[in-house]
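Worksheet: one structure, shown below.
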Amino acid sequence: MIWDLHCHLSGVEGKTVDERISQLMVYADRMGVERLIFFMGWPFLTDPTPEQFRKQNDQVLQAISHWHDRAFGFVYLNAKYVDESIAELDRCVKNGPMIGVKLWVASRCNDPSIDPIIKRAAELKALIYQHTWYKTGGNLTGESTPGDLALMAKRHPDIPLICGHTGGDFELGLRAIQDSPNVYAGIGGSDPTAGITEMAVRTLGADRVLYGS
């Protein structure tokens, strides 16, 4: 069975979330993908307020509501709002169908202020997907790198963490997380470069490599 870890509703045309996810399922069927994970609605918001990330999560909740056998959601949070993020985590995971957390670029994950969110997610057995990137021109102020995630992994050695995009520059990213056994490489959403899967498996082992489109 093929799982796609990295799906966005913004990637296709459609007037409603239901139209968009239906189109994505057509593509998934074409490629033999049986399970898909969605996070974030549209438009993309890099530093959403609690009201805004709740609205984005509502879009995902609606999208997956007719596809519970195939589609799963990660709750989008902003670590600048710890209390509100924990409340949203409870709404969407504890009391809802979502199974994970998506953290993007509002704040860097090496900041310990994020820890209450990470601990609550772990209590709920929610997977944690942290966007990471290396930019030659410099990252956004709140944009994490795989090195930042490795630092967070040391604070939470028993909590599984997903390194989104493996930093874009996958050679640097894989080396940054190599010695963090609780960090998994999400290889989706990166530049279409040959060799990423092979190097990831060689560096981390197949059990720590997760497919995403």
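Evaluation of Ile86 against the conditions (1) surrounded by 16 or more Cβ atoms within 10 Å (Cβ to Cβ); (2) not in a helix (DSSP H, G or I) shows that the sole unmet condition is (2).
Residues that are without any contact (Cβ under 8 Å) to a residue 60 or more places away in the chain and out of contact with any Ser or Thr (no Cβ under 8 Å at 6 or more places or on another chain) were ranked within region 40-52; the one that is farthest from Tyr129 (Cα to Cα) is Glu51.
If you check Arg108 against the conditions, is it surrounded by 15 or more Cβ atoms within 10 Å (Cβ to Cβ), assigned to a loop (DSSP other than H, G, I, E, B) and at pLDDT 95 or above? So Arg108 fits the description; yes. Annotation note: of Arg208, Arg155, the sole residue that is in contact with a helix residue (DSSP H, G or I) (Cβ under 7 Å, 6 or more places away or on another chain), over 22 Å from Pro48 (Cβ atoms) and basic (Lys, Arg) is Arg155.
Of the residues screened, Val60 is not one that is among the aliphatic types (A, V, I, L, M), assigned to a strand (DSSP E or B), buried (at least 22 other Cβ atoms within 10 Å of the Cβ) and at negative phi.
Among the candidates Gly142, Gly168, the residue that is surrounded by 15 or more Cβ atoms within 10 Å (Cβ to Cβ) and in contact (Cβ under 8 Å) with a residue 40 or more places away in the chain is uniquely Gly142.
Taken together, the residues in region 66-83 that are part of a loop (DSSP other than H, G, I, E, B) and without any contact (Cβ under 8 Å) to a residue 12 or more places away in the chain amount to 1. The number of residues in region 25-57 being closer than 15 Å to Gly212 by Cβ and in contact with a helix residue (DSSP H, G or I) (Cβ under 7 Å, 6 or more places away or on another chain) comes to 4. Filtered by the rule that a residue be without any contact (Cβ under 8 Å) to a residue 60 or more places away in the chain and exposed (fewer than 15 other Cβ atoms within 10 Å of the Cβ), region 1-11 gives Met1, Ser10, Gly11.
The values are calculated or read from the model by the stated rules, or taken from the named source; none is laboratory data. Note that the structure is a prediction, hence the values are computed from the model and not measured. As a convention, Cβ positions derive from the backbone with ideal geometry for all residues, glycine included, and neighbour counts pool all protein chains shown.
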